[in-house]
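Structure, as structure tokens:
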Amino acid sequence: MNPLDLLTNLLFDYTIRTVALGAAVLGIVAGALGTFALLRRQSLLGDAMSHAALPGVLLAFMLTGSKSPVALVLGAAVAGVLGTFLLLGITRASRIKEDAAMGVILSVFFGFGLLLLTFLQRNPTAAQAGLNTFLFGQAATLLVRDVVTMAAFGGAALLVLVILWKEFKLLSFDRDFGASLGFPMTILDALLTILLVIGIVIGLQAVGVVLMSALIVAPAAAARQWTDRLSVMLVVASAFGALAGVAGALISSLGTGLSTGPVVVLVISVIVLASLLLGAARGLVWEWLRRRRSRRTLRTQSVLAALYGLAAQHDEPDHAHNVEVLRAMNRYQGGVRYSLRTLAAEGLVREVSPDHWALTDAGANRALAERNAGQEHYDAD
């Protein structure tokens, strides 16, 4: 299928358009909220809360007998909030660390959810409701009303995020300083966690309990490789989440049996891998290039300093010296000829013969200036 056909399906096919829109909304919300979870080193929190939401979905169905998205989302939210407060209570009332408490919450709630799911699957009405799709998601069942519900809850969470932007920044980067200014850090911590729970529960039907944690962490992890500014990181994470959602919906429409949720996670995983390699701020490729450039600069400075030291031992500053002597004096080993060509291009050295090089007046002045700067730095230390 060519790109034009994909675009046509995205615009005019009801199912694909609905699924893509829902996945995009989910990606935007998850990317924005996951940014704060990542910066606060609470990536496991998304996993714990997504698993904690499962029994809430099932209990909501048992109480209402309806698969209304509002009822199920509210049930998941209540379970997630309950898990949040239990987590805060465990970490504050005991010596159990936060990561261990998250593991306890995850296993207990998810185990209880699987128990309820097994019980409900024996009920024909529950089986027809398709509640087991909340494990791995089934985005193809999304309706417009489901997308509207996701947009409403997600938009409300993002609105709170914007209103309390400065407070959440303080919470993420310097909690103690925020407390010294009089901000209620404990309440803000609980509120931000509740917003994360909202971002999780609106995606359960599309992505599922098992994979939702990946959609919380991955867009933020990818965005972190491109920038060091929080506002830019949040926008980039949301864009990556939306891109993964739309691309996953389109790819899953190409073949039968492709579930949208896992495909969305695979797409965002590819984005994370590409960001780890090519990210402008922290990408491995750019970091390797920066280190290579730094090594070349140090090697060139070492060759210039060696030439200056040799010239100082002669009455004639422009006395030519053999490349092998410079190579023996170069502590960085290798690359002497490349360094000499680089210095010659800058007019700092000149080639007397194929194996002999000498300083120019500009090179002598540069070497002296670098030597004096290094001495001043050493004296200051």
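The values are calculated or read from the model by the stated rules, or taken from the named source; none is laboratory data. Because the structure is a prediction, the values reported are computed rather than measured. No Cβ is skipped: glycine too gets one built from the backbone with ideal geometry, and neighbour counts run over all protein chains shown.
If we keep just the residues of region 44-68 that are surrounded by fewer than 20 Cβ atoms within 10 Å (Cβ to Cβ) and in contact (Cβ under 8 Å) with a residue 24 or more places away in the chain, which is nearest to I194 (Cα to Cα)? Lay out the reasoning, then the answer.
Step one: of region 44-68, the residues surrounded by fewer than 20 Cβ atoms within 10 Å (Cβ to Cβ) are 44, 59, 62-68.
From what is left, the residues that are in contact (Cβ under 8 Å) with a residue 24 or more places away in the chain are 44, 59, 62, 65, 67.
Values: L44: 15, L59: 19, M62: 24, G65: 26, K67: 23 Å.
Step by step, filter region 44-68, then rank; the result is L44.
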Exercise. How about region 326-370: which of its residues are modelled with pLDDT of 80 or more, basic (K, R), assigned to a helix (DSSP H, G or I) and in contact with a helix residue (DSSP H, G or I) (Cβ under 7 Å, 6 or more places away or on another chain)?
Worked result: R337, R366
For this session: Inspect region 270-281 for any residue being touching a residue at least 12 places away in the same chain (Cβ under 8 Å), under 21 Å from R41 (Cβ atoms) and in the same structural domain as V25 (by TED's automatic domain parsing) and give the result as yes or no.
Result: no
Exercise. Is there any pair linking a residue in region 79-104 that is in contact (Cβ under 8 Å) with a residue 12 or more places away in the chain to one that is aromatic (F, W, Y), with Cβ under 7 Å and at least six apart or on different chains, and which?
Worked result: A79/F109; G83/F109
Exercise. Considering only region 141-182, how many residues are over 18 Å from L196 (Cβ atoms) and charged (D, E, K, R)?
Worked result: 5
For this session: Taking R175 as the residue in question, decide whether it is crowded, with 16+ Cβ neighbours inside 10 Å, modelled with pLDDT of 90 or more, more than 15 Å from A20 (Cα to Cα) and not aliphatic (A, V, I, L, M).
Result: no
Exercise. Is there a residue in region 305-316 that is in a helix (DSSP H, G or I) and closer than 30 Å to L26 by Cα?
Worked result: no
For this session: Taking L195 as the residue in question, decide whether it is crowded, with 20+ Cβ neighbours inside 10 Å, at pLDDT 85 or above, in a helix (DSSP H, G or I) and assigned by TED's automatic domain parsing to the domain that holds E98.
Result: yes
For this session: Taking only region 215-257 into account, find how many residues are buried (at least 24 other Cβ atoms within 10 Å of the Cβ), of a type in the set (G, A, S) and closer than 21 Å to A157 by Cα.
Result: 8
For this session: Would you confirm whether any residue within region 143-151 is surrounded by fewer than 17 Cβ atoms within 10 Å (Cβ to Cβ) and farther than 30 Å from T15 by Cα?
Result: no
Seminar exercise, completed: Of those in region 225-250 that are out of contact with any helix residue (DSSP H, G or I) (no Cβ under 6 Å at 6 or more places or on another chain) and not hydroxyl-bearing (S, T, Y), the residue farthest from W286 (Cα to Cα) is L243
Exercise. So G241 clears everything in (1) in contact with a Phe, Trp or Tyr (Cβ under 7 Å, 6 or more places away or on another chain); (2) in the same structural domain as S213 (by TED's automatic domain parsing) except one condition, right? Which one?
Worked result: (1)
